[in-house]
Amino acid sequence: MKSAADAETLRPMAYNQGFYNLFLALGVVVALVLLWSGLQLAGLVLALFVCVSMVLAALVLLTSNRRMLRAALVQGAAPLVAVVFLAAALATL
């Protein structure tokens, strides 16, 4: 930020982004609770949904600005690996 005015302009977006990330994290926590409580299918599907959402958000970041490639890779790599494993786990049910 170059000024306090810039920070004020970005405050609503940052607030929204914070809650977006919180809700994704809560989705992962609920998915893990479902998995650990024996509701495997529900837990796997919820975890897959949340991880696919994270991968898609990384793609949106990349398409909005090609210079954000490194950030998109950092944001999307772990969820993409999780999607592969979750899809494999669903295929075995």
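When residue 57 is tested against (1) within 18 Å of residue 29 (Cα to Cα); (2) within 8 Å of the chain's Cα centre (by Cα), just one condition goes unmet, and that condition is (1).
In the stretch 60-80 there is no residue matching the filter, namely being in contact with a Leu (Cβ under 7 Å, 6 or more places away or on another chain) and of a type in the set (Ser, Thr, Tyr).
If only one of 55, 50, 83, 33 is hydrophobic (A, V, I, L, M, F, W, C), out of contact with any strand residue (DSSP E or B) (no Cβ under 6 Å at 6 or more places or on another chain), on the phi < 0 side of the Ramachandran plot and without any contact (Cβ under 8 Å) to a residue 24 or more places away in the chain, which one is it? Don't jump to the end; show me each part of the working.
Numbers: 55 fails: without any contact (Cβ under 8 Å) to a residue 24 or more places away in the chain; 50 fails: without any contact (Cβ under 8 Å) to a residue 24 or more places away in the chain; 83 fails: without any contact (Cβ under 8 Å) to a residue 24 or more places away in the chain.
Answer to the check: 33.
Of the conditions (1) at pLDDT 90 or above; (2) more than 29 Å from residue 90 (Cα to Cα); (3) within 14 Å of the chain's Cα centre (by Cα), residue 17 clears all except one; give me its number. All conditions are met except number (1). The condition of being among the hydrophobic types (A, V, I, L, M, F, W, C) and under 19 Å from residue 84 (Cα atoms) holds for only one of 22, 34, 48, that being 48. Regarding residue 58, is this residue touching a Cys at 6+ places or on another chain (Cβ under 9 Å) and surrounded by 15 or more Cβ atoms within 10 Å (Cβ to Cβ)? Judged against the criteria, residue 58 is not a match.
The values are calculated or read from the model by the stated rules, or taken from the named source; none is laboratory data. Just so it is clear, the structure is predicted and the values come from calculations on it, not from any experiment. With ideal geometry, Cβ positions are generated from the backbone for all residues, glycine too; neighbour counts draw on all protein chains shown.
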